[in-house]
């Protein structure tokens, strides 16, 4: 009697293993380290600080406090002081900085200026100078008794100015330091924009008898509108996040006259260890930056 349930003959071919690394998923393996670092060092801190803004410290840990930190924030006079100082610097310093950046960029783009590379590097150098080093130099130069600035002013009969100990002059000194550092940075951006303006526009304007001044206002400025928007948004965000200069030069003084929002955030977080309140300040600052950036885009008509 024949066997009906005979086993099938075993194949001699080797069993194919499942390949985990294929040409299709190789790109994902390449970006995996970057995504991992982004999740650990960006996404996680953002979510963690958001949750922390709704907590307060009790004993050795944190407990849920609802909107208590935000209510406290809007009742905090020192927060409004820091906010006012920051916006004052923004309204005065940023326009001056961008105006100087445009003038320098136009001058360095002119055919009349020689050694352009040298001047471009010289104006850009402050942007890559270490903040601590530049701030120490400003502290030495602006010293009320032995500073170089007061020494030079004495030759024209000006009494020594308390640059870092008077509320008004401390703000002036801070704005000067920021302008010195970031004017060259914006100048490079404007210079790139100027070099992308077609020369045919200026040639046509000259043929029509337009002066250099009219060419500047009717060709250069309109063509630089996207650059103005970009630098203004960038400078606004940078000013609202201003920390290094006031921390090193004045530590927010005298009498909190140079206290900025980020410096106040730092003080609450790392001096008083009130991280819940500091996180609330950080998210209010993010909201302010977002609203201002959106308003600038809307005003410039670039939100299309």
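The values are calculated or read from the model by the stated rules, or taken from the named source; none is laboratory data. As the structure is a prediction and not an experimental result, all values here were calculated from the model. Backbone-built Cβ (ideal geometry, glycine too); neighbour counts: all protein chains shown.
Can you name the residue in segment 248-264 that is in a helix (DSSP H, G or I) and under 16 Å from the mean Cα position of the chain (by Cα) and is also surrounded by the fewest Cβ atoms within 10 Å (Cβ to Cβ) among such residues? The selected residue is 262. Between a residue in segment 64-81 that is closer than 11 Å to residue 52 by Cα and any residue that is part of a helix (DSSP H, G or I) and at pLDDT 90 or above, which pairs come within a Cβ distance under 6 Å, given they are 6 or more apart or on different chains? So the pair list comes out as 69/276; 69/277; 69/280. One residue stands out in segment 112-133 among those that are part of a loop (DSSP other than H, G, I, E, B) and without any contact (Cβ under 8 Å) to a residue 24 or more places away in the chain: the one that is nearest to residue 170 (Cα to Cα), namely 130.
Between 281, 219, 288, the distinction of being at pLDDT below 90 and over 19 Å from residue 171 (Cα atoms) belongs to 219 only. Pairs are defined by a Cβ separation below 6 Å, a sequence spacing of at least 6 or placement on different chains, a first member in segment 142-156 that is closer than 19 Å to residue 171 by Cα, and a second member that is in a helix (DSSP H, G or I); the pairs so defined are 142/149; 142/173; 147/141; 148/141; 149/141. Per this entry, residue 276 is counted among residues that are part of a helix (DSSP H, G or I) and either surrounded by 19 or more Cβ atoms within 10 Å (Cβ to Cβ) or not assigned by TED's automatic domain parsing to the domain that holds residue 131 (or both).
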